[in-house]
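The values are calculated or read from the model by the stated rules, or taken from the named source; none is laboratory data. Note that the coordinates shown come from a computational prediction; the quantities given were computed from them, not determined experimentally. Cβ placement follows ideal geometry from the backbone for every residue including glycine, while neighbour counts extend to all protein chains displayed. What goes into the accessible areas is simple: the full protein's heavy atoms, side chains included, and nothing from ligands, DNA or RNA. Shrake-Rupley method; radii C 1.70, N 1.55, O 1.52, S 1.80 Å.
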Amino acid sequence: MAISTSPTQPGAQDGFRISVLARRHALVLTGGGLLVLLILAALLAPLYAGDPGRMDPFARLQPPSSDHWLGADNLGRDVLVRTVYGARISLLVGLSSALVASLAGLMIGIVAGYVRAVDNLVMRFMDALMSIPTILLAIALISITGSGIGILVFAIALPEIPGVTRLVRSIVLSVRERPYVEAAVCGGARLPKILWRHVLPSTLPPLMVQSAIVCGTAILTEAGLSFLGIGVPPEIPSWGNMISSSRLYLSIAPLTLFAPGICLAVTVLAVNLFGDGLRDLFDPRTKRRR
């Protein structure tokens, strides 16, 4: 006797639940999937891409071929290989800058929001820091300290700290008035325990969304600084300095500019989709119910 498959069976229920989750969290899955692919391609680049600094003088500005799938730049370097290696710099700087800005903003924001004695002083300093344009502050720091990956990460992360601090502080100001926090204070709980167990968990979901936004901004800022020639050193392939060095040859070899430009746009799009998906996932006011 044949057994009919109905939606009430476990396999059908699992498939239905997966399809519903995929529809509800499409932004997170799409952005996260693109980011995972980009990170894997960047990490595994030495295994399949070759040497990004290898020059082939006879292939200068040549169109795509079997030897160079996206052509070669003005020095005869493979555009595809350099584009893949450029993802490593952009993702490294973007993720590192987001991590530094998020951790610093989290610590400062919790202290400013819970300890009233330092709130006004800290926030006035953050307001002063926010008044300086991000790109100008990064240019000034790099000009003073010199170029390098570490300096670049710090220069990009520093202007993003005030935004994270203000976000965390606003959450802490609302959480500190809730009954369970007041009960912990009346029960004699120490300040570190209150912050760790009651205040910190409430800040993490919005902080994750803000971190994704900071990551996308950091990737664009790094590309802009490298385009201006004050980002990563020229010998290190990055999408910004690839676009800068190829702009003069746009009419001859357009792929030398379009390849890193498209990858930059796709990466920032993936980060923004992931951040929007996290916002819909964690914020009940904007969560889409289907």
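General remarks:
- Sequence ranges 80-92, 183-195, ranked by mean other-Cβ count within 10 angstrom, highest first: 80-92, 183-195
- Computed over protein heavy atoms with a 1.4 Å probe, the carbon and sulfur contribution to the accessible area of the chain reaches 69%.
- Between segment 134-178 and segment 185-235, the Cα center-to-center distance that results, in Å: 8 Å
- From phi via Karplus (6.51, -1.76, 1.60), per-residue ³J(HN,Hα) for segment 263-280 in Hz, x at Gly/Pro: 5, 4, 5, 5, 5, 5, 4, 4, 5, 5, 4, 5, x, 5, x, 5, 4, 5
- Computed from point charges on the beta carbon alone (+1 for Lys and Arg, -1 for Asp and Glu), the dipole magnitude for the chain about its Cα centre is near 1100 Debye.
- Kirkwood Rh in Å, taken over segment 191-263 so that all alpha-carbon pairs contribute: 14.8 Å
- Residues whose amide H falls under 5 Å from that of Q62, counting only those 5 or more places apart or on a different chain, are A72, with hydrogens built in the peptide plane.
- Added length on full extension, which subtracts the Cα-Cα distance from 0.36 nm per residue, S174 to L228: 15.2 nm
- Calculated from the structure at hand, log10 I(q)/I(0) by the Debye sum over Cα atoms at q = 0.07, 0.13, 0.14 Å⁻¹ is found among (i) -0.21, -0.76, -0.89; (ii) -0.38, -0.96, -1.04; (iii) -0.28, -0.91, -1.02 as (ii).
- Considering only N241, V199, C186, and ranking their Cα positions along the charge dipole of the chain that arises from unit charges at the beta-carbon of Lys, Arg, Asp and Glu, the one farthest toward the positive end is C186.
- Rounded tilt (10° steps) of 200-228 against the dominant C-alpha axis of the chain: 20 degrees
- Ordering 28-41, 248-261, 48-61 by mean Cβ neighbour count within 10 Å, with the highest value first, yields 248-261, 28-41, 48-61.
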